[in-house]
Amino acid sequence: MKLERFDLNLLKTLLVLLQEKNTNRAADRLGTSQPAVSRTLAKLRQELDDPLFTRYSRGLTLTPRAEQLARELPDIMTSLELTLQKHVFDPGQQTGKWSLALNGFLIESHGYKIYREFAERAPNIQLELHSYSPMTVAQLISGEMDAAINFYPLDISKELRQLPVGSLRYGLICRAHHPMANKKIPTSDVFRYELAGMIIPDHNIRMMVAQKYADAGVEVKTRFRSQQLNPILSMVEQSDTLFVAPISLMESLDHHRFAYVEVDCDPAMLEQKLALIFNHRHSSSPRYLWLESLVTELFKRQM
């Protein structure tokens, strides 16, 4: 194959196909049709003189040549992107799709705020927000997911960079007519009630102040935990259970139904750092430097 006769536009489709191993999903990511992706694959097979993929019941499996390309092509494409975009990055001119994963708290409290920032600064970008799941790390490594925002630090692959971008302050959420509603209470009063918490994948939940008292021999009654917010809120609304959650979550809740309880203790005990998480190969990318700036500025305004 001679490079001067090779259509470099084919590489973008090849990269997505290597990541997705499925022509339908590749078409969705590229914003095109499945037949168009299949036609591009046919051209790639001819140009590279290799089948690249073989079919099986659930999609495509890579040939040895394709496995080599899957290892080497992401870094090549990132290097090319840096070369072409250096000093000329303009978010207002960017197109395509960004896929971001947020943990269960953040997608409720900051999901729309992130969308609004994208809409104002990069109006031609199609933004997709996903819930951070046990699959997110693999998706970040493969390139299926562009970036994530979660608590910091996480015990995850060293292939991913965790960049601190801000923090959240924790407290308690209760039903509107709870005896502790809208009060500032000492930590000793917290443990008169059962607690609820959200399960955040890849994050070792310590329940903040609760765990410190548990270590001291105080009984912590964790009543309920869930990866989804709605079951917790339904349970809290119908009981005296206190929900351990960030203050910012109250902005998205109905104040006629829920109230906030402030815990009177060392503020440092209630702070939880946040990180922007992405593949290390994007560390110098203008796109990701812009995203870092956007997210850091957003959370700074919330503090």
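The values are calculated or read from the model by the stated rules, or taken from the named source; none is laboratory data. Please read these numbers as outputs of a predicted model, since none were measured by experiment. Here the Cβ positions follow ideal geometry from the backbone for every residue, glycine too, while neighbour counts run over all protein chains shown.
Being at pLDDT 90 or above and either crowded, with 21+ Cβ neighbours inside 10 Å or hydrophobic (A, V, I, L, M, F, W, C) (or both) is a condition met by no residue of the range 70-91. When 60, 106 are screened for being at pLDDT 90 or above, outside any loop (DSSP other than H, G, I, E, B) and either in contact with a strand residue (DSSP E or B) (Cβ under 9 Å, 6 or more places away or on another chain) or farther than 30 Å from residue 251 by Cα (or both), only 106 passes. Within the range 37-56, restricting attention to residues that are of a type in the set (S, T, N, Q) and under 35 Å from the mean Cα position of the chain (by Cα), the residue that is modelled with the lowest pLDDT is 54. When residue 188 is tested against the conditions (1) within 31 Å of the chain's Cα centre (by Cα); (2) among the small types (Gly, Ala, Ser); (3) in the same structural domain as residue 260 (by TED's automatic domain parsing), the lone failure is (1).
Filtering the range 185-198 to residues that are under 12 Å from residue 222 (Cα atoms) and free of Cβ contacts under 8 Å to residues at least 40 places away in the same chain leaves 191, 192. Annotation note: of 275, 268, the sole residue that is exposed (fewer than 15 other Cβ atoms within 10 Å of the Cβ) and within 25 Å of the chain's Cα centre (by Cα) is 268. Residues being of a type in the set (Ser, Thr, Tyr), modelled with pLDDT under 95, over 27 Å from residue 254 (Cβ atoms) and surrounded by fewer than 18 Cβ atoms within 10 Å (Cβ to Cβ) are represented in the range 156-163 by at least one member.
Evaluating residue 27 against the criteria (1) crowded, with 19+ Cβ neighbours inside 10 Å; (2) in contact with a strand residue (DSSP E or B) (Cβ under 8 Å, 6 or more places away or on another chain); (3) not basic (Lys, Arg) leaves one unmet condition, (2). Checking each residue in the range 16-57 for being assigned to a loop (DSSP other than H, G, I, E, B) and without any contact (Cβ under 8 Å) to a residue 40 or more places away in the chain picks out 22, 32, 33, 50, 51, 52, 57. Being in a helix (DSSP H, G or I), over 30 Å from residue 183 (Cβ atoms), modelled with pLDDT under 90 and not β-branched (Val, Ile, Thr): is that true of residue 301 here? When the stated conditions are applied, residue 301 does not pass them.
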